[in-house]
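The values are calculated or read from the model by the stated rules, or taken from the named source; none is laboratory data. The structure displayed is predicted, hence computed values, not measured ones. Cβ: placed from backbone, ideal geometry, glycine included. Neighbour counts: every protein chain shown. In case anyone asks, the SASA skips ligands and DNA or RNA and just uses the protein heavy atoms, side chains included. Shrake-Rupley method; radii C 1.70, N 1.55, O 1.52, S 1.80 Å.
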Amino acid sequence: MSIDYADRIPNNVDLHEDRRLQRALESWQPSFLGWWQNMGPTLPTEDVYLRTAVNVGREGWAHFGHVAMQDYRWGIFLAERDGERKIAFGQHKGEPAWQKVPGEYRSDLRRLIVIQGDTEPASVEQQRNLGATAPSLYDLRNLFQVNVEEGRHLWAMVYLLHAYFGRDGREEAEALLLRNSGSDDAPRILGAFNEETPDWLSFFMFTYFTDRDGKYQLGTLKESAFDPLSRTCEFMLKEESHHMFVGTTGIDRVVERTVQIMVEHDTDDAGPHGAIPLSTLQKYINFHYTVSLDLFGGEQSTNVANYFTAGIKGRWMEERRKDDHTLLDDSAMVDAVQDGQVSQIEIPALLGLNQDLRGEYVADCENGLTRWNSILERSGLPQRLVLPHRAFNRKVGVFAGLHATPDGTVVTGEEWDAQQGKWLPTAEDKTYVRSLMRPVYERGKIASWIAPPRNGINGKPFDYDYVHLV
Ligand code: BYC
């Protein structure tokens, strides 16, 4: 399954054998490049040490080298096809996976692909100005790697729209470049993708918490009966793991620096010494975690029940689940609000699948907290970072409109408003974080508020020339 780089659009789907599709995608390509010029990274660079996919197999799938970003070879890469693949769940369980879109599921599938596709360019737009304040060349390179791969993930969804959804697919592909993050007239579809990513702390939080929603959503689409979608998501997940690595180790390094300063100056407040105070880190965690929880949809959803029954969206690790994979007779406990208080109710399992996925995600998020707390613990500090309660600061689902504190206590709207500055980043916190964001573009140097990474990229040292600026 090696990739054909001789084509104008690199691909491993034999694009040259379908002239109409090739022409349609080639006519979308200039729109994509125009979007990248206008909405992509703003910092001018000569070249960047980037990885490019050269194969989709298990071993050695990526090539690393310095590339001018506008010449990056965005393309279409699907994981290898398993000709024997059977549908693993829902009413079509046991039937062969679909190579075409069944008419009755066309609009639901298109909707899911559009929502997924919409998030990818949105994140590039959110991060476009971060190059101006990168804490090191290593971090700058990682930002650009994430950006080009999100651009490629847009290509992945656009390929599906063009290849399988005819004219309305082509129209949706155009529209993906017309909506913009934070726009008043044509915003991105999901809430978290209209929030700002104005500083590098937000970037690391975004790549830890929001990219991780991507991991779980892609994991459920990888189970899809629609085989081209499944194969696309399988390969996207491979690329995605680096994005979460950037988030996890980015926050590790921020905590590490904060802890160093706290110990060195024997203080609870690292702020006056040029690092990010733990209390500010906690507020950023509270914000990014809760807006990411909103990305899982409602706790009770007929949409997700229909997707599952139809076979178009499965569960995380569907094939490892020990049940009948149709869930027709099963029930599940989901969050509810009763008499103004947080509680749980029993509902048909099919309706509760958004919460099922959210539960997997939350457990994974906990791992980050364990890592960061172990940095505090190793340094002998008693403070700990925590994930807030799932009812806190929610805009989607049963908790939307409820005023819950980070520990889950329900309070009045007035009390919540009066205290929210203790829980979520205030204008002052954001201004302070921004004041630390001064670019460090010298090889081997690092900003004051973050520790250097333990290792470089692809075996290169930290002081490697990862980016050549103009
Ligand atoms: N914002 O039935 P419900 C990634 C709407 S991230 C605004 O509970 P459902 C990435 C919903 O559309 C992963 N609206 O929702 C990360 C519905 O509207 P209608 C992206 C929302 O459908 C970082 C209504 O509320 N991929 O890849 O079960 C960087 C009722 O809701 C929101 C996907 O999300 C919201 N947050 O679940 C780069 C996968 N939530 O029908 C990339 C595809 C709900 O009443 N999407 N609504 O008009 C899905 O699977 C589902 O659409 C959702 C929502 C899980 C998002």
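Kindly indicate the residue of region 101-134 that is closer than 20 Å to Glu171 by Cα and hydrophobic (A, V, I, L, M, F, W, C) and also surrounded by the fewest Cβ atoms within 10 Å (Cβ to Cβ) among those meeting that condition. Looking at residues that are closer than 20 Å to Glu171 by Cα and hydrophobic (A, V, I, L, M, F, W, C), I get Ile115. Screening region 289-326 for residues that are in contact with a strand residue (DSSP E or B) (Cβ under 8 Å, 6 or more places away or on another chain) and aliphatic (A, V, I, L, M) and picking the one that is farthest from Leu387 (Cα to Cα) gives Ile312. Evaluated against (1) farther than 22 Å from Arg434 by Cα; (2) polar (S, T, N, Q); (3) open to solvent by less than 10 Å² (accessible area, probe 1.4 Å), Thr258 falls short on exactly one condition, (1).
Would you mention how many residues in region 106-121 are under 14 Å from Val158 (Cβ atoms) and not polar (S, T, N, Q)?
Pass one, region 106-121, residues under 14 Å from Val158 (Cβ atoms): 110, 113-121.
Okay, now just the ones that are also not polar (S, T, N, Q), so 110, 113-115, 117-118, 120-121.
The number of residues fulfilling the criteria is 8.
For (1) closer than 22 Å to Glu318 by Cα; (2) open to solvent by less than 80 Å² (accessible area, probe 1.4 Å), each residue gets a yes or a no:
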site	(1), (2)
Thr45	no, yes
Val54	no, yes
Met69	no, yes
Arg81	yes, no
Lys86	yes, no
Gln99	yes, yes
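Could you tell me how many of the residues in region 393-431 are within 16 Å of the ligand (Cβ to nearest atom) and open to solvent by 70 Å² or more (accessible area, probe 1.4 Å)? Number satisfying all stated conditions: 1. Contact annotation: residue pairs with Cβ atoms under 7 Å, 6 or more positions apart or on different chains, pairing a residue in region 458-470 that is under 13 Å from Leu137 (Cα atoms) with a partner that is of a type in the set (D, E, K, R), are Asp463/Arg443; Asp465/Arg443; Tyr466/Arg141; Val467/Arg141; His468/Glu46; His468/Asp47; Leu469/Glu46. Of all residues in region 432-443, those satisfying the criterion of being in a helix (DSSP H, G or I) and open to solvent by 50 Å² or more (accessible area, probe 1.4 Å) are Tyr432, Arg434, Ser435. Looking across region 444-462, just one residue is among the basic types (Lys, Arg) and surrounded by 15 or more Cβ atoms within 10 Å (Cβ to Cβ), and that is Lys460.
Looking only at region 12-29, decide whether some residue is farther than 17 Å from Val124 by Cβ, open to solvent by 30 Å² or more (accessible area, probe 1.4 Å), touching a residue at least 60 places away in the same chain (Cβ under 8 Å) and not charged (D, E, K, R). Within region 12-29, one or more residues are farther than 17 Å from Val124 by Cβ, open to solvent by 30 Å² or more (accessible area, probe 1.4 Å), touching a residue at least 60 places away in the same chain (Cβ under 8 Å) and not charged (D, E, K, R).
Any residue in region 186-213 that's within 19 Å of Gly359 (Cα to Cα) and free of Cβ contacts under 8 Å to residues at least 60 places away in the same chain: show its pairings with residues that are of a type in the set (Val, Ile, Thr) and more than 11 Å from the ligand (Cβ to nearest atom) at Cβ separation under 6 Å, as long as the two are six or more apart or on different chains. Pairs found: none.
Look at region 430-457: where a residue is within 24 Å of Glu196 (Cα to Cα) and in contact (Cβ under 8 Å) with a residue 40 or more places away in the chain and a partner is of a type in the set (A, V, I, L, M, F, W, C) and surrounded by fewer than 17 Cβ atoms within 10 Å (Cβ to Cβ), sitting 6+ places away or on another chain with Cβ atoms under 8 Å, you get Pro439/Ala132; Tyr441/Leu469.
Table: residues versus (1) among the aliphatic types (A, V, I, L, M); (2) away from the ligand (no atom under 16 Å from the Cβ); (3) touching a residue at least 12 places away in the same chain (Cβ under 8 Å).
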{"position": "Gln217", "(1), (2), (3)": "no, no, yes"}
{"position": "Glu223", "(1), (2), (3)": "no, no, yes"}
{"position": "Cys233", "(1), (2), (3)": "no, no, yes"}
{"position": "Met244", "(1), (2), (3)": "yes, no, yes"}
{"position": "Val263", "(1), (2), (3)": "yes, yes, yes"}
{"position": "Ala275", "(1), (2), (3)": "yes, yes, yes"}
{"position": "Lys283", "(1), (2), (3)": "no, yes, yes"}
{"position": "Asn286", "(1), (2), (3)": "no, yes, yes"}
{"position": "Phe296", "(1), (2), (3)": "no, no, yes"}
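The set of residues in region 176-207 being of a type in the set (A, V, I, L, M) and either surrounded by fewer than 16 Cβ atoms within 10 Å (Cβ to Cβ) or within 12 Å of the ligand (Cβ to nearest atom) (or both) consists of Leu178, Ala186, Ile189, Leu190, Ala192, Met205. A count restricted to region 265-290 and to residues that are outside any loop (DSSP other than H, G, I, E, B) and not charged (D, E, K, R) stands at 15. The lone criterion from (1) within 28 Å of Arg179 (Cβ to Cβ); (2) under 24 Å from the mean Cα position of the chain (by Cα); (3) touching a residue at least 40 places away in the same chain (Cβ under 8 Å) left unmet by Arg106 is number (2). Please determine whether any residue of region 135-153 is of a type in the set (S, T, N, Q), in contact (Cβ under 8 Å) with a residue 24 or more places away in the chain, open to solvent by 20 Å² or more (accessible area, probe 1.4 Å) and farther than 30 Å from Arg320 by Cα. Within region 135-153, not a single residue is of a type in the set (S, T, N, Q), in contact (Cβ under 8 Å) with a residue 24 or more places away in the chain, open to solvent by 20 Å² or more (accessible area, probe 1.4 Å) and farther than 30 Å from Arg320 by Cα. Residue count for region 154-185 satisfying the condition of being free of Cβ contacts under 8 Å to residues at least 24 places away in the same chain, in a loop (DSSP other than H, G, I, E, B) and within 14 Å of Ser27 (Cα to Cα): 0.
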